[in-house]
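Q: First, the structure itself, so that you have it in front of you.
The values are calculated or read from the model by the stated rules, or taken from the named source; none is laboratory data. Not measured: the values here are computed from a predicted model. All Cβ positions, even for glycine, are placed from backbone atoms using ideal geometry, and neighbour counts span all protein chains on display. Quick note on the areas: whole protein, heavy atoms, side chains included, nothing else; ligands and nucleic acids left out. Shrake-Rupley method; radii C 1.70, N 1.55, O 1.52, S 1.80 Å.
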Amino acid sequence: SRRAIRTPRRRKSTMSTPTRGTRVGGGGQASMFRRCAAACVLAVALSAAAVSATSDVHQMHGSGTTNPSKFFWKVMDILEERARTPITMTYRAVGSSTGQKEFIGADNTPAYDAYNHFGSGDIPFSAADHTLLKTTHSKDFIQVPFMIGAISFFHSVPADDLPA
């Protein structure tokens, strides 16, 4: 007689799953969450390295697109709870273009002094903005692409235009 081998059941994620069925690099949602969390940890580490050694609390602030805002808030809560040194993190969901404008800082006072440590957007920086920051203003930065959720659109067709 054969015995059935039972595999342990995976716990359901507590996060909403707008990316159900999406596989990036063969890892699925859990892997995507780990990769995005790792990107956030990297950003915190880079930001913390830039903060003065005499500072008691490390701060990291960001702004940008609204789509991943709940994800960023959740990751930031987890990082703040588990950090060995005190950190304060914020993310303002103000839209992609506003996040990029605040990060580039052309209209800020003083000019090209970013309001935030990172931004999140639906589209990457243009080559012109990238060159402007890196070459003209000596501000190094990296772009970390990741996918967090689906975007859909709706269109209303008047009843008169529908086939009979």
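Q: So how exposed is MET89, as accessible area in Å² (1.4 Å probe, rounded to 10)?
A: That residue has around 20 Å² of solvent-accessible surface.
Q: Largest first, how would ASP113, ASP107, ASP122 line up by accessible area (1.4 Å probe)?
A: Putting ASP113, ASP107, ASP122 in descending order of accessible area: ASP107, ASP122, ASP113.
Q: Ignoring ligands and nucleic acids, what accessible area does PHE141 show with a 1.4 Å probe (Å², nearest 10)?
A: Accessible surface of PHE141 is approximately 20 Å².
Q: While we're looking at this one, here's another question. Considering only protein heavy atoms, with the full assembly of protein chains and a 1.4 angstrom probe, order GLU81, GLU102 by accessible area, largest first.
A: GLU81, GLU102
Q: Share of the range 80-128's accessible area from carbon and sulfur, percent, 1.4 Å?
A: 52 percent
Q: Right, here's the next one. In nm, to one decimal, how far is the modelled label at THR109 from the one at HIS137, with both set 7 Å along Cα→Cβ?
A: The answer from the label model is 1.7 nm.
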